[in-house]
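Read-outs throughout are calculated quantities, based only on the coordinates presented, and are distinct from any laboratory measurement. As the structure is a prediction and not an experimental result, all values here were calculated from the model. Note that each Cβ is placed from the backbone with ideal geometry, even for glycine, and that neighbours are counted across all protein chains shown.
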Amino acid sequence: MQHTYTKITDLPDELLIMIFKRLNNIEILQFLTNVNTRFNKIVRDSTFTNHLTLLKCSFNHIIYSLSDTILDKFCIEIIPQIKHNIKWLDIESLSMERILLAAKYPNLNGLGIFNINEEVAQRLFTGLCHYNGSVLPLLHRMINLKKLSLYIVVNPYEQFIDENNLKKNILDHIPQLNEFTFNIRSIIYDIDYKYLLTNEQIQNTFTNFIDNKIISCVDYFSKKQTGQCLIYSYPYRMKYYHNITNNFSGGLFKCVQEVSLFDEYPFEHEFFLRISQSFPFMKKLTVSNFKPQIYKQHEKSNDDNNKHCSIIEYHHLTELDLLNVHLDYVEQFLDETKSSFTNSIYLLVKSSPLRKATHNFTRNEMKANCAKLNGLYIFGRLKNPENDKKYFPNVNKIKFSWSGIWNNL
């Protein structure tokens, strides 16, 4: 039987377009731009240039910038050739300014800005002048923008961002904008308790977002002398939701897979129940709270309410970080009468609260959930590591760390 081979250059344009549509348009543009005149014509088609996602997303949903080599090719060679076709850009914070200044985008009507986390915010938003002088002028150039997705942390800032701030700094400068989704966390330091805004006051500023449900959450931390205000358009579209406090009002967040909790007041059992119900597809949970629980659940008591408290089910959780918690929260998750896990769990925890919560690895009601652990990172030492390891029958290797020294068991 004879085999015939066809070069890609022998295929008709229609078939090439069908093939290219099944591939990543960024890679198509990267590798085929300026190869030859024919390929240039095909890859510059609006099919491949209307929507550019100039960032990468890892398997665990971490967003990061493209390499400098790829960015150079796009900013110097590709974008200037296709700028009239671009209608939507998804960009990452580190490369944001570079991409937006690569060309004028006369037909751009959608913009997604991602991954402006606290570390990047320190660089971009240190003081009002940088916020007003760097990011906002870039947005003001997009006068034909019709859709905008903005996900940022402004840290530090002189005041909480509310509708008045958004209207003055963004909405009034982009007259054609008709769809604005956002997730903005603003943080202030050295709070003055005489002039603190409540969550209700922030929420009441959003009177002009008739077609959008806007959620706000304001928290103040007296120990740190800081305040934070989160405002976002609902439904929530991010894959993570960080720094949730007891003020969390609940809701349904199907997109969220990574959650972190922090407060200077204790988290009770009912709070964790609300978290599990609000984030049904949560895979990673980090808890930071050194305050002991006030209302211990499932203790032997004459209180019927305690006897019948529900077991919280975590159907998709695979990683649990309890490195910065009071021992009550180690107990909260490892006690089978309080929590239940569908999947195997990788646990990060300090040795002292783990040892105390499990009564030196003898407590029966914790054996079932400890058997669910498939990975264990312990900060600190165990007194009898070889014997204590038997309490975690499905953990093949325990990883230890103390004073910067790593060890495995």
- Residue by residue through the stretch 247-257, the couplings from Karplus 6.51 cos²θ - 1.76 cosθ + 1.60 with θ = phi - 60°, in Hz, x for Gly and Pro, are 6, 4, 8, x, x, 10, 10, 6, 7, 6, 10
- Message: Given a Förster distance of 25 Å, report the FRET efficiency between Asn343 and Asn387 from their Cβ-Cβ distance, rounded to the nearest 0.05.
- Response: 0.35
- Note the full-extension length gain between Thr207 and Ala368 as 0.36 nm times their separation in residues minus their Cα-Cα distance, in nm to one decimal. 52.9 nm
- Note on the structure: Spelling it out for Thr53: with amide H atoms placed in the peptide plane at 1.01 Å from N, the residues 5 or more places away or on another chain with amide H under 5 Å from its amide H are Asp90
- Note on the structure: Per the 1/(1 + (r/R0)^6) rule, R0 = 35 Å and r from the Cβ atoms of Asn164 and Ile76, FRET efficiency to 0.05 is 0.30
- Compare the peptides 175-188, 38-51 by average per-residue count of other Cβ atoms within 10 angstrom and give them in order, highest first. 175-188, 38-51
- What is the spread of the Cα atoms of the stretch 239-408 along each of their three principal axes, largest first, in whole Å? 43, 42, 29
- Taking the chain and counting helices only, DSSP H stretches of n ≥ 4 at -39,500 (n - 2.57) each over all residues, the nearest-500 ellipticity at 222 nm comes to -6000 deg cm²/dmol
- Message: Apply the Karplus curve 6.51 cos²θ - 1.76 cosθ + 1.60, θ = phi - 60°, to the phi angles in the stretch 234-243 and return the couplings in whole Hz, x for Gly and Pro.
- Response: 9, x, 6, 10, 6, 8, 9, 9, 10, 6
- Item | Per-residue ³J(HN,Hα) for the stretch 139-151, Karplus 6.51 cos²θ - 1.76 cosθ + 1.60, θ = phi - 60°, Hz, x for Gly and Pro | 5, 5, 6, 8, 5, 9, 5, 10, 10, 9, 10, 10, 10
- Straight-distance crosslink candidates among lysines, where the alpha carbon sits under 19 Å from Lys254 and sequence neighbours closer than 8 are dropped: Lys213, Lys239, Lys283, Lys284
- Note on the structure: Sorted largest first, the Cα spans of the chain on the principal axes come out in Å as 79, 77, 41
- Message: At 0.36 nm per residue, and after removing the present C-alpha to C-alpha distance, how many nm does the segment from Thr47 to Leu138 gain when stretched out fully?
- Response: 30.1 nm
- Note on the structure: Of all DSSP beta bridges having both residues in the stretch 239-408, the percent classed as antiparallel (nearest 5) is 10
- R0 = 60 Å: FRET efficiency of Ser352 with Asp172, Cβ-based, nearest 0.05? 0.65
- Message: For Ile312, what residues show an amide H to amide H distance below 5 Å, using hydrogens built from the backbone and excluding near sequence neighbours?
- Response: Ser339, Ser340
- So for the pair Asp68, Tyr377, with labels modelled 7 Å out along Cα→Cβ, what separation do we get in nm? 2.9
- For Leu101 and Asp13 in the same chain, what is the full-extension length gain: residue separation times 0.36 nm, less their Cα-Cα distance, in nm? 28.4 nm
- Query: Given the chain, what percent of its DSSP beta bridges are antiparallel, to the nearest 5?
  - Reply: 30
- Task: Enumerate the amide H contacts of Phe180 below 5 Å, restricted to partners 5 or more residues apart or on another chain; note that Pro and chain-start residues carry no placed amide H.
- Result: Leu148
- Query: If each Cα of the stretch 148-243 is one equal point scatterer, what is log10 of I(q)/I(0) from the Debye formula at q = 0.11, 0.14, 0.22, 0.23 Å⁻¹?
  - Reply: -0.32, -0.52, -1.22, -1.31
